[in-house]
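Data block below; observations after.
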Amino acid sequence: MEAATVYRALFEGTDDNDVSIDAAYDHYDEALQSALDGYVECVLAADTDRGEFEKYSGVLEDQTTSAHPANTEQFYRAIDSLEERR
């Protein structure tokens, strides 16, 4: 779960700094997606109980209401991936 915490910091930091990125959208999207994929993989690998799983899934749900709606779809896809593979 420590690795999931690192990936969480990466996707939250990337999402929070959306306004600082200028014309590097492909790189930005790839970095965000990579962090989300890593987070999902770590949560699934941890084999948590349902309550703990919901806590980590909730982190992604919280991001869907971020100030950067352009990223919302990526967070919803990560949630779907997490739920489907659980």
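The values are calculated or read from the model by the stated rules, or taken from the named source; none is laboratory data. None of these values were measured; they are calculated from a predicted model. Every residue, glycine among them, receives a Cβ derived from its backbone with ideal geometry; neighbour counts consider all protein chains shown.
If only one of Ala31, Ala3 is among the hydrophobic types (A, V, I, L, M, F, W, C), modelled with pLDDT under 90 and surrounded by 14 or more Cβ atoms within 10 Å (Cβ to Cβ), which one is it? Answer to the selection: Ala31. So for region 50-58 (the condition being in contact (Cβ under 8 Å) with a residue 40 or more places away in the chain and surrounded by 15 or more Cβ atoms within 10 Å (Cβ to Cβ)), does at least one residue qualify? The answer is yes; a qualifying residue exists. Of the residues making up region 42-86, those that are closer than 22 Å to Glu2 by Cβ and not hydrophobic (A, V, I, L, M, F, W, C) number 17. The criterion of at least 3 residues that are touching a Lys or Arg at 6+ places or on another chain (Cβ under 9 Å) is met, among helices (runs of 4 or more DSSP H) falling completely within the chain, by 25-46, 50-63.
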